[in-house]
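This report refers to the structure that appears directly beneath it.
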Amino acid sequence: MDLDKLTSRSGEWLRGAGPESDIVISSRIRLARNLADYPFISRATELDRAEIEKILWEALTATSEPGELFYFDVNKLGGLDRQLLVERQLISREHAESEGARGVAIDSGERTSLMINEEDHLRIQVMHSGLDLEKAWQRINDLDDRLESKVTYAFDTRLGYLTACPTNVGTGMRVSVMLHLPALVLTRQIEKVFRSLHKISLAVRGLYGEGSQAMGDFYQISNQITLGSTEEALIKQVADVVPELIKYERKARDFLMKEGHENLHDRVSRAYGILSTAQTISSEETMHLLSSVRMGVQLGLLTDVALPTVNELFICTQPAHLQKISGVELDTADRNKARATLLRRYLSRHDNETSAEHN
């Protein structure tokens, strides 16, 4: 897998396919696992980390089909490549920024990534576009079982899987769904929704997980505690809530269309206009404006641009992607100029394609 070529396509989390993909961006299940014979990463020596990496990569190789997974030594990747993988949701910020022996195995479809020596010895992640937790669970459960046939995990008969963070002890599972909720933000209902989720022990995080901001009106909904629950119960806990969130968002969009159609149309058109003509623009503003455009496309207010194009722009305008596309490292001011140029090029190209179709 050539990391440079990743910039020419959207990652799995923005593919725009799968059930309820107008609102549900992606479904993700992550498992935290540790080897029984080694200390947690926070107490591990550099030799421990190197041995853990070797053991787990050999286990992955033994349980995968040839060519199924591509392995990257994160310690040897440049800063831009590490950030690129963060932006594509394939590794965490912590994994990118830490030091020492560590790696990640990724499949060609970017649905599966396995981080070695992150907070835990192994973080297995499976992601599917749209609301598709069941398929994600089937895939990750099979992968976990295959690995467990080759290595011995740290496991307690009473507590379950032992993890570096106490909140992950038990199943070691984090079930999360990423949603695009611009209408709930515009109608100022989002905080009420978040309070309701907190009451039922569900966490709300931003685009890149814990501690990140909700750029572009993207929110991750996930379980907080795994101890005392089964994997099926945790999946059900999240899966039962998401349809209600979808219903609230659609209801808010209907309200905006009926009660404030002109204002909404103006907001969407202005967002598209700025993106199409700006000479310099920040990543944060781009995400904010693209959120309005994405909603406008879904509601039929914009016909000049296709949804896959909007989804692609969400990721290719991120700092690392932008610099990889440009072929050089750029400071903030130059990134803002390059981002505006890319946006104008993408959107004018699709304007021309739309005009050609109409003629």
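The values are calculated or read from the model by the stated rules, or taken from the named source; none is laboratory data. A quick note: this is a predicted structure, and the numbers were derived from the prediction, not measured. Positions of Cβ are backbone-derived with ideal geometry, glycine not excepted, and every protein chain shown enters the neighbour counts.
With surrounded by 22 or more Cβ atoms within 10 Å (Cβ to Cβ), closer than 21 Å to I225 by Cα, over 20 Å from the mean Cα position of the chain (by Cα) and not small (G, A, S) as the only criterion, which of T171, T157 stands out?
T171
Give me the residue from segment 81-119 that is within 20 Å of I52 (Cβ to Cβ) and charged (D, E, K, R) and, out of that set, modelled with the lowest pLDDT.
The residue in question is E99.
What are the residues in segment 129-155 that are modelled with pLDDT of 95 or more and part of a strand (DSSP E or B), if any?
Within segment 129-155, Y153, F155 meet the criteria.
Of all residues in segment 262-319, which are touching a helix residue (DSSP H, G or I) at 6+ places or on another chain (Cβ under 7 Å) and of a type in the set (G, A, S)?
A271, S276, A278, S282, S283, S291, S292, G296, A306
Is there a residue in segment 188-201 that is part of a loop (DSSP other than H, G, I, E, B) and more than 26 Å from L307 (Cα to Cα)?
Yes, segment 188-201 contains a residue that is part of a loop (DSSP other than H, G, I, E, B) and more than 26 Å from L307 (Cα to Cα).
So which residues in segment 155-177 are within 18 Å of D37 (Cβ to Cβ) and touching a Phe, Trp or Tyr at 6+ places or on another chain (Cβ under 7 Å)?
Once the filter is applied, which keeps residues that are within 18 Å of D37 (Cβ to Cβ) and touching a Phe, Trp or Tyr at 6+ places or on another chain (Cβ under 7 Å), segment 155-177 yields F155, Y161, L162, A164, G172.
For segment 322-339, which positions are part of a helix (DSSP H, G or I) and within 19 Å of L84 (Cα to Cα)?
L322, Q323, K324, I325, S326, T332, D334, R335, N336, A338, R339
Condition first: farther than 27 Å from N117 by Cα and touching a helix residue (DSSP H, G or I) at 6+ places or on another chain (Cβ under 9 Å). Can you find one or more residues in segment 172-180 that meet it?
Within segment 172-180, one or more residues are farther than 27 Å from N117 by Cα and touching a helix residue (DSSP H, G or I) at 6+ places or on another chain (Cβ under 9 Å).
Quick one: how many residues across segment 344-359 are modelled with pLDDT of 85 or more and either farther than 15 Å from V310 by Cα or exposed (fewer than 12 other Cβ atoms within 10 Å of the Cβ) (or both)?
Number of matching residues: 1.
Hey, among S222, S229, which residue is among the polar types (S, T, N, Q) and closer than 17 Å to S196 by Cα?
S222
Do you know which residues across segment 258-271 are surrounded by 15 or more Cβ atoms within 10 Å (Cβ to Cβ) and out of contact with any Leu (no Cβ under 6 Å at 6 or more places or on another chain)?
Across segment 258-271, the qualifying residues are R267, S269.
Which residues, counting only those in segment 253-291, are in a helix (DSSP H, G or I), in contact (Cβ under 8 Å) with a residue 40 or more places away in the chain and more than 18 Å from V185 (Cα to Cα)?
Y272, L275, S276, T277, S283
Only one of these is among the polar types (S, T, N, Q), in contact with a His (Cβ under 7 Å, 6 or more places away or on another chain) and surrounded by 14 or more Cβ atoms within 10 Å (Cβ to Cβ): T317, T341, T309, T286. Name it.
Matching residue, one of T317, T341, T309, T286: T309.
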